[in-house]
Amino acid sequence: MRTPPHSRRIPAAFALITAATLVLTGCGSGDSADATGGAAPAGDSSGIPTKDVVSAVRKDAAAARLLPADVRERGTLRLASAVGGTPPGTTYLADGKTVVGQDIDFADAVAKVLGLKLKREAASFEAILPALDSGKYDLGTGNFGVTEERRRTIDFVTYINDGQGFAVRKDSKLTKVTDFEQLCGLNVATGAGTTFEVTLEDNKHVCDDAGKKPYSVKTYADQGAIWPALQQGRADVVMSTINGLRYAVKQQEGLKFLGEYHRLDVGFAFKKGTKLAPAFRAAVDQLIKDGTYDRILKKWGTQGSAIDKSRISPPEIKD
């Protein structure tokens, strides 16, 4: 029996994610914590994977030598992580303190290869890139897609290939989005400060050009609020990461993934002109070589996002 959209029950895992995100919002930029690549707790009631795939990673002397001398001597880096949303993105476990996600595993694994400790701070997605330029953080993670606009002010070291996609309730007439004209007249939910928001705003004109009612872009700084908006009918479509959407529709009843729209390389983000990039690229390549890379992707079910080698600020992928 089909349950009306406004009365569907949100699974516990996503209720937890929403609550955790509200906690994050309430404490501003979050609390700092040392991250040394240790294992997450053995299990979590929300079903979020917690298998340890990082603690066995060893330092690679060749990669570490590529670090600037002052960083090698200091031994730490300040990392901003966007927390709150849908796995494989970064989220909290049931304890409300432990952060997990694909980005967490990759950052911790790279740090171990380079012999560094990370001082991780939770931050809102839209605040991280400007904070890199100000020098508040040394690097940031948040499934940051590499775009031409971002490359003008940010350096990237790639570690996966993800991109843009759409999801809807199963009662939606949409089956696949290949043109933004298909969204005319609908409410589209997405994260604030993301490439999705930019893409949606840049393409609003297609509805006017076709003489149709424009779609409305509903942005959420609280990533966990996006799914209740869709489930309860305040939004008709969600635009987000391919991997995040695939995970979400498996965890929630009554939703469907509409497929990939546009692929993007994803990378660690740094201030433009950083001297850290060569070492991070070498570290990612080492993880690919030693098998850790595949283990991280398998843990999060994102094998389709694998890359052959890391690159520094590659051109944006054009479909």
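The values are calculated or read from the model by the stated rules, or taken from the named source; none is laboratory data. The structure displayed is predicted, hence computed values, not measured ones. Neighbour counts are summed over all protein chains in view; Cβ atoms, including those assigned to glycine, are modelled from backbone coordinates with ideal geometry.
Below is a table of values for the structure above.
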| read-out | value |
| --- | --- |
| Every pair of residues 6+ apart whose Cβ atoms lie under 9 Å, when the first sits in the stretch 291-319 and is acidic (Asp, Glu) while the second is assigned to a loop (DSSP other than H, G, I, E, B) | Asp294/Ala306; Glu316/Val146; Glu316/Thr147 |
| Filter result for Thr50 (of a type in the set (S, T, N, Q) and more than 22 Å from Lys275 (Cβ to Cβ)) | yes |
| Helices (runs of 4 or more DSSP H) lying entirely in the stretch 55-167 (those with 2 or more residues that are under 13 Å from the mean Cα position of the chain (by Cα)) | 102-114, 125-134 |
| Any hit, the stretch 192-213, residues being touching a helix residue (DSSP H, G or I) at 6+ places or on another chain (Cβ under 8 Å), without any contact (Cβ under 8 Å) to a residue 40 or more places away in the chain, surrounded by 20 or more Cβ atoms within 10 Å (Cβ to Cβ) and of a type outside the set (Asp, Glu) | yes |
| Subset tally (residues that are of a type in the set (A, V, I, L, M, F, W, C) and within 16 Å of the chain's Cα centre (by Cα)) for the stretch 262-306 | 9 |
| All positions within the stretch 132-143 that are modelled with pLDDT of 95 or more and either crowded, with 18+ Cβ neighbours inside 10 Å or in the same structural domain as Leu258 (by TED's automatic domain parsing) (or both) | Leu132, Tyr137, Asp138, Leu139, Gly140, Thr141 |
| Only listed residue being modelled with pLDDT of 95 or more and either assigned by TED's automatic domain parsing to the domain that holds Ala62 or on the phi > 0 side of the Ramachandran plot (or both), chosen from Asp290, Asp236 | Asp290 |
